[in-house]
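S.K.: Just passing along the structure, written as structure tokens.
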Amino acid sequence: MTLKRLFIQNLRNLNSVDVQPSHRVNLIYGENGSGKTSVLEAINVLALGRSFRSHKHKPLISNGQNAFTIFGKVLADDHAEVPIGINRQLDGTASFKANGNLVGSAAVLASYLPVQTINSDTFLLLEGSPKVRRQFIDWLVFHVEHKFFQTWKDCQRCLKHRNSLLRHDRIDPFELSTWDQELVQLTEQLHLYRAECFEIFKTTFYELLQEFISVDGIAIGYYRGWDKEKSYADVLAAGIDRDRQQGYTHMGSHRADLRITVNGQNAAEILSRGQQKLLVCALKIAQGYVFSRMTGRKTVYLIDDLPAELDEKHRELLTRWLDAMATQVFITGVEQDSLLSSWHNKPETEIKMFHVEQGCVTEHSP
Ligand SMILES: Nc1ncnc2c1ncn2[C@@H]1O[C@H](COP(=O)(O)OP(=O)(O)OP(=O)(O)O)[C@@H](O)[C@H]1O
Ligand SMILES: [Mg+2]
């Protein structure tokens with residue numbers, strides 16, 4: 001899966017960008033504030049319908065403009081070319097297109113262009129809320145299990161109904177039991193999808209880990225969102241009083257998490273900043289590896305300001321892994337030379353350089 005052409009109009013300071021990236025390595029450099037992160041942001045928006053910097057769409061639209069448009073030509077792994085695009089208006093209206101047809105949601109685009117981002121926020125994967133880690137594992141489950149997304153949506157809807165019912169003064173027991181039955185079935189199913197993917201992920205992660213970080217006792221575990229010794233139906237029944245008192249469902253797949261520990265203690269509280277970054281890199285690389293193995297496809301990596309985030313030795317290590325995966329990567333940095341230096345001994349890898357200057361992106365040879 002590679003992005004063969006990228007067209008960006010009126011996103012932040014990028015008013016008109018039209019580039020043909022390398023199917024392998026794309027190094028994007030320029031001064032602070034020139035628009036490097038915005039280029040990655042555009043790819044992220046194209047792939048997921050949302051930015052990694054803002055939940056709102058307005059800050060993304062260039063000042064004084066009414067909308068942004070991002071268009072990409074994706075070369076699928078079976079060599080088919082798929083045009084995908086997104087247009088977002090100031091009033092919030094969004095339209096997504098794939099293969100010339102309007103599609104209902106960004107999730108459809110996501111299946112065409114799987115991306116993994118590594119930036120300073122990614123390093124919150126360890127210390128951030130469970131939601132961040134749930135999204136991390138769900139990315140993989142979404143791409144490998146086609147029924148996952150519909151099950152997840154149904155489960156969210158069911159949970160919403162149950163929560164709203166819990167807030168009623170009088171609850172019809174029949175109605176509650178109907179929602180509970182559906183919720184139990186969907187929740188157990190979601191858990192099975194996640195657990196299956198996680199087991200495969202865990203093996204790869206442990207294999208990779210030693211290369212990235214030399215700390216003993218690192219472990220990763222999957223928490224399903226309720227006590228694993230009990231069935232979800234029993235947990236719902238046992239928790240009904242508390243759920244009613246507080247008006248929401250306490251336990252379930254919406255509370256799932258990944259627990260990353262060092263000798264049993266939360267990794268975020270033990271590891272140094274740099275070690276945390278390396279651990280997160282190992283998680284991200286393992287994710288791409290497992291994705292490739294399970295789907296036969298490749299994910300695109302977006303890496304923002306790599307030189308600033310890792311020391312030289314670990315930059316080289318990450319470069320080596322990315323190179324071995326033979327996947328498409330977009331890496332930004334302020335200095336052209338330090339970006340290039342990690343790739344100097346990879347003569348076979350096709351590298352394209354892009355200079356960003358006040359929102360204009362120009363390609364030149366390395
Ligand atoms: N809605 C907008 N309209 C126009 N310009 C914007 C908008 N939002 C942000 N900008 C500007 O776009 C520019 C690009 O920001 P971006 O974060 O992409 O820069 P960068 O090259 O990654 O910089 P750094 O090296 O500091 O990370 C900044 O100058 C920013 O002030
Ligand atoms: Mg930046």
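Just so you know, all these numbers are worked out from the coordinates, no wet-lab data involved. Note that the structure is predicted; figures quoted are calculated from it, not measured. Every residue, glycine among them, receives a Cβ derived from its backbone with ideal geometry; neighbour counts consider all protein chains shown.
S.K.: Would you check the range 1-158 for Lys pairs whose C-alpha atoms are within less than 27 Å, ignoring same-chain pairs closer than 8 in sequence, and give me the count?
M.R.: The result is 21.
S.K.: Sticking with this one: With angles folded into 0 to 90 degrees, how steeply does helix 36-48 sit against the dominant principal axis of the chain? Use alpha carbons for both and round to 10.
M.R.: Between the helix axis and the principal axis of the chain, the angle is about 40 degrees.
S.K.: Here's something else I'd like to know. Could you tell me the calculated FRET efficiency between S164 and Q65, based on Cβ-Cβ distance and R0 = 41 angstrom, to the nearest 0.05? Show your work: numbers first, answer last.
M.R.: On the way: r = 39 Å, r/R0 = 0.96.
Efficiency, rounded to the nearest 0.05: 0.55.
S.K.: Could you work out the relative contact order of the range 146-300, using alpha carbon pairs under 8 angstrom and six or more residues apart, expressed as a whole percent? Mind dumping the intermediate values first?
M.R.: Details: 146 pairs, mean separation 42.2, N = 155.
Contact order relative to length: 27 percent.
S.K.: Nearest 10 degrees is fine. How inclined is helix 130-144 to the longest principal axis of the chain, computing both from alpha carbons?
M.R.: For helix 130-144, the angle is close to 80 degrees.
S.K.: Scan around Q328 for amide H atoms under 5 Å from its own, H built in the peptide plane at 1.01 Å from N, and keep only partners 5 or more places away or cross-chain.
M.R.: Y301
S.K.: Which FRET efficiency value, to the nearest 0.05, do you get for R242 and Q336 by plugging their Cβ-Cβ distance into 1/(1 + (r/R0)^6) with R0 = 51 Å?
M.R.: Numbers: r = 58 Å, r/R0 = 1.14.
The pair R242/Q336 has a calculated efficiency of 0.30.
S.K.: Another question, if that's okay. In a Gaussian network model over the chain where Cα atoms closer than 10 Å are linked, find which of C281, C197, C158 has the largest mean-square fluctuation.
M.R.: C158
S.K.: Assign unit charges at the C-beta atoms only (+1 for Lys and Arg, -1 for Asp and Glu), then state the dipole size of the chain relative to its Cα centre in Debye, rounded to the nearest 20.
M.R.: Details: 42 positive and 43 negative charges, 150 e Å.
That gives the chain a dipole magnitude of about 720 debye.
S.K.: From zero outward in steps of 10 Å, how is the percent of C-alpha pairs of the chain spread across the bins?
M.R.: The calculated distribution, bin by bin, is 5, 22, 29, 25, 13, 5, 1, 0.
S.K.: Quick one: if the Förster radius is 22 Å, what FRET efficiency do E199 and N263 give, using the C-beta to C-beta distance and rounding to 0.05?
M.R.: Values: r = 22 Å, r/R0 = 1.01.
The formula returns an efficiency of 0.50 here.
S.K.: Mind checking which of T69, T295, T37 has the largest fluctuation in a GNM of the chain, springs on alpha carbons under 10 Å?
M.R.: T295
S.K.: Return the single residue from R24, R320, R170 with maximal mean-square fluctuation; model: Gaussian network over the chain, springs between Cα atoms under 10 Å.
M.R.: R170
S.K.: Helix 173-212 against the longest principal axis of the chain: what's the angle in degrees, Cα atoms only, rounded to the nearest 10?
M.R.: The helix 173-212 is inclined about 40 degrees to the chain.
S.K.: How large is the Kirkwood hydrodynamic radius of the range 127-295, in angstrom, based on all distinct alpha carbon pairs?
M.R.: Details: mean 1/r = 0.0575 Å⁻¹.
Taking every pair of different Cα atoms in the range 127-295, averaging 1/r and inverting gives 17.4 Å.
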